Amino acid sequence: MTNSLRPHGPDRAPLPPAQPPVDGVPSPRSPQPTRQASPAASPDTKPAKQRDAFFDNAKYLAIVLVAMGHAWEPLTDRSRAAEALYMVVYTFHMPAFILISGYFSRSFDMRPDRLKRLVTGVAVPYVIFEVAYSLFKRWADHDPGHPISLLDPWYLTWFLVALFIWRLTTPLWKIVRWPVPLALAVGALASVSPDIGDDLDLQRVLQFLPFFVVGLCMKPEHFQLLRRREVRILSLPVFAGALLVAYWAAPRMSSVWFYHRDSAQEMGFQWWAGVVMTLALFGCSLVLTACFFAWVPRRKMWFTVLGAGTLYGYLLHGFLAKGSRFWGWFDHGWVHQPLGELFVTLFAATVITVLCTPPVQRIFRFAMEPKMEWAFKRDAKEIARERATADMKADPRAIENRTIENRTAETRVRTRTSV
């Protein structure tokens, strides 16, 4: 943390990469070592890009806050302090996560390999975990009538639906003139439209959309601005002020506004309250998200490697979070005492940390990263790369000779055409 507090001088941390190391977050992909290109490698062969520690750190810290927020929820009825912490964390933890998702979706297009990864890394895990969560609720909550419906996401799976839709719309946001105001208008209109219904949790998809679009519009230099010393210093009183305001508002304001799950009318308010709260929460969320990013370490930490497994932790901890309610863990009085609340907080942080570790990733990779080669046509470029790799192993000079032959053939064709 000490090095992250010195943004100036020879020890200054580098900027985030201009191009994302992976095609989206939260990403279950494990870090890949940087490979040096061989002199005889094909021009189409690109070295793997190293993951950026800043974003992995941010994703891990954000997912820890997600788990803590879920652990605090049953405590908010009896503790005003827990309610205040809950409201502050819920103001920015998902917006921060979604903003990072948008930032790493900047390069998304309809290229076959990216569409394939969108299906295998987002759509398929959604189907698997939606079914798993529904079966879990039937068993743990003794609710055999709970439906299994892929159109009505239950609990945490809404984020996968949202990420799938947001990423498919990325090309649209890249061509419109004012993407953020347009996305904010869409979110505000959704908050006053009770007829949208629960299909695919579209209320959340649309109301959280502005944060994804903000991430699409951000550049590496924007994150560098957040690392300025004055921003970090200013973020401390901002967070303190947010806690005081939340403590005051806890008995006066419903926390359901932070879920972005329903319209204003469905929550019992006038329609105009949805527009006002959408704009107000958007501004507050951006400010607290900026304060959060200002204190994220930029150098490699002990938990940096866990940033690659945040989607694992996000989806897996939901079973324990819901199970704790079904099984009455929070019915014990000691849990609602200060030491009990501290224990619950540390327990949640420990569980989510374990669920993000590489061993857990290896166990559940079949559900989170299925290859599904049988379901897709093979891309011609991918086949060519495999052939080039095989030739490279057999004869290191084969690729170089083939490249020279191809260039010679192209030169001959150009000469004939010019004649």
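Scanning segment 296-336 for residues that are surrounded by fewer than 18 Cβ atoms within 10 Å (Cβ to Cβ) and among the polar types (S, T, N, Q) returns no hits.
With the requirement that a residue be surrounded by 14 or more Cβ atoms within 10 Å (Cβ to Cβ) and hydrophobic (A, V, I, L, M, F, W, C), what does segment 358-377 give you? Once the filter is applied, which keeps residues that are surrounded by 14 or more Cβ atoms within 10 Å (Cβ to Cβ) and hydrophobic (A, V, I, L, M, F, W, C), segment 358-377 yields V360, F364, A367, M368, F376.
For P147, state whether it is in contact with a helix residue (DSSP H, G or I) (Cβ under 6 Å, 6 or more places away or on another chain) and not polar (S, T, N, Q). When the stated conditions are applied, P147 does not pass them. Just to verify a result, which residue in segment 56-85, among those that are without any contact (Cβ under 8 Å) to a residue 60 or more places away in the chain and assigned to a helix (DSSP H, G or I), is farthest from the chain's Cα centre (by Cα)? So the residue we want is E73. Of all the numbered requirements in (1) outside any helix (DSSP H, G or I); (2) touching a Phe, Trp or Tyr at 6+ places or on another chain (Cβ under 8 Å), L288 misses one, and that requirement is (1).
Give me a count of the residues in segment 139-169 that are crowded, with 20+ Cβ neighbours inside 10 Å and over 24 Å from G69 (Cα atoms). Matching residues across segment 139-169 total 2. The test for being farther than 29 Å from W272 by Cβ, assigned by TED's automatic domain parsing to the domain that holds M277 and part of a helix (DSSP H, G or I) holds for R232.
The condition (being touching a residue at least 24 places away in the same chain (Cβ under 8 Å) and not assigned by TED's automatic domain parsing to the domain that holds R138) is satisfied by just one residue among F364, F376, F330: F376.
Set side by side, the residues L225, L202, L236, L243 differ, and just one is surrounded by fewer than 18 Cβ atoms within 10 Å (Cβ to Cβ), over 24 Å from Y103 (Cα atoms) and without any contact (Cβ under 8 Å) to a residue 60 or more places away in the chain, which is L236.
Let's see how each residue does on (1) under 21 Å from S193 (Cα atoms); (2) of a type outside the set (D, E); (3) at pLDDT below 90:
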position: R232; (1), (2), (3): no, yes, no
position: L236; (1), (2), (3): no, yes, no
position: G241; (1), (2), (3): no, yes, no
position: M253; (1), (2), (3): no, yes, yes
position: F258; (1), (2), (3): yes, yes, no
position: W272; (1), (2), (3): yes, yes, no
position: V275; (1), (2), (3): yes, yes, no
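Every listed requirement among (1) assigned to a helix (DSSP H, G or I); (2) closer than 19 Å to L311 by Cα; (3) at pLDDT below 90 is met by R51 save one, (1). Does K46 satisfy the criteria of being at pLDDT 50 or above and of a type in the set (K, R)? In short, no.
Mind checking which residues of segment 89-117 are among the hydrophobic types (A, V, I, L, M, F, W, C), within 10 Å of the chain's Cα centre (by Cα) and farther than 21 Å from L279 by Cα? Within segment 89-117, just F104 meets the criteria. Residues in segment 258-295 that are of a type in the set (G, A, S) and surrounded by 16 or more Cβ atoms within 10 Å (Cβ to Cβ): S263, A264, A273, G274, S285, A290, A294.
Filter segment 86-138 for residues that are buried (at least 19 other Cβ atoms within 10 Å of the Cβ) and among the hydroxyl-bearing types (S, T, Y) and give the result. Across segment 86-138, the qualifying residues are Y86, Y90, T91, S101, Y103, S105, Y126, Y133, S134.
Only one entry of F293, F258 meets the criterion of being more than 17 Å from R204 (Cα to Cα), under 26 Å from the mean Cα position of the chain (by Cα) and assigned by TED's automatic domain parsing to the domain that holds T76, and that entry is F293.
Among the residues of segment 126-173, write down those that are of a type in the set (S, T, N, Q), under 16 Å from D201 (Cα atoms) and part of a helix (DSSP H, G or I). Break it down stepwise before answering.
Looking only at segment 126-173, we keep the residues that are of a type in the set (S, T, N, Q), and these are 134, 149, 157, 169-170.
Filter once more, keeping what is under 16 Å from D201 (Cα atoms): 134, 149, 157.
Those that are of a type in the set (S, T, N, Q), under 16 Å from D201 (Cα atoms) and part of a helix (DSSP H, G or I): S134, T157.
Of all residues in segment 71-108, which are more than 24 Å from L184 (Cβ to Cβ) and of a type outside the set (G, A, S)?
W72, E73, P74, L75, T76, D77, R78, R80, E83, L85, Y86
Number of residues in segment 246-256 that are closer than 13 Å to A82 by Cα and either without any contact (Cβ under 8 Å) to a residue 40 or more places away in the chain or of a type in the set (S, T, N, Q) (or both): the value is 2. Among residues of segment 138-164 that are in the same structural domain as F319 (by TED's automatic domain parsing), those with a Cβ under 8 angstrom from a residue that is exposed (fewer than 13 other Cβ atoms within 10 Å of the Cβ) and part of a helix (DSSP H, G or I), sequence gap 6+ or separate chain, pair up as I148/L135; L151/D199; D152/D199.
The values are calculated or read from the model by the stated rules, or taken from the named source; none is laboratory data. As the structure is a prediction and not an experimental result, all values here were calculated from the model. All Cβ positions, even for glycine, are placed from backbone atoms using ideal geometry, and neighbour counts span all protein chains on display.
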